[in-house]
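Okay, so here's the structure we're looking at.
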Amino acid sequence: MADESKQAEQFKAESQTERTGLVGEFVDFLKHNKKWWLTPIVVVMLLVGLLVIYGGGAAAPFIYTLF
């Protein structure tokens with residue numbers, strides 16, 4: 001019974017903490033699991049995604065001159 005009340009208190013405390021966003025959750029994941037090698041992969045994927053998005057718009061002539 002003591003474990004259940006302790007878990008209930010812990011659940012209540014966790015529910016009252018401030019919510020973090022996606023980036024905050026990802027940083028917490030990297031800290032706790034020591035997966036810092038994922039950071040460059042995610043950054044490169046985001047940059048490629050930005051190139052794809054901007055490549056279809058008015059910025060296309062400027063992006064194509066980079067390659």
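The values are calculated or read from the model by the stated rules, or taken from the named source; none is laboratory data. Because the structure is a prediction, the values reported are computed rather than measured. Glycine gets a Cβ as well: all are built from the backbone with ideal geometry, and neighbour counts include every protein chain shown. Please note that ligands, DNA and RNA were not included when accessible areas were found on the heavy atoms of the full protein model with its side chains. Shrake-Rupley method; radii C 1.70, N 1.55, O 1.52, S 1.80 Å.
Given +1 at the Cβ of Lys and Arg, -1 at the Cβ of Asp and Glu and no other charges, the dipole of segment 6-67 around its Cα centre is 160 debye to the nearest 20. The C-alpha atoms of the chain define a longest principal axis, and helix 22-33 lies at about 70 degrees to it. Between Phe62, His32, Gln16, the Cα set farthest toward the positive side of the dipole of the chain (charges on each charged residue's Cβ, about the Cα centre) is that of Phe62. Take Glu14: with every protein chain present and a 1.4 Å probe, its accessible area is about 120 Å². Note that the chain presents 95 Å² accessible area per residue, ligands and nucleic acids not counted, probe 1.4 Å. Heavy-atom accessible surface of Phe11, to the nearest 10 Å², is about 150 Å², with a 1.4 Å probe and all protein chains retained.
Keeping the other protein chains in place, figure out the carbon and sulfur percent of the accessible area of the chain, with a 1.4 Å probe. Whole-percent figure for carbon plus sulfur exposure: 67. Taking all protein chains together and rolling a 1.4 Å probe, Val52 ends up with roughly 110 Å² accessible.
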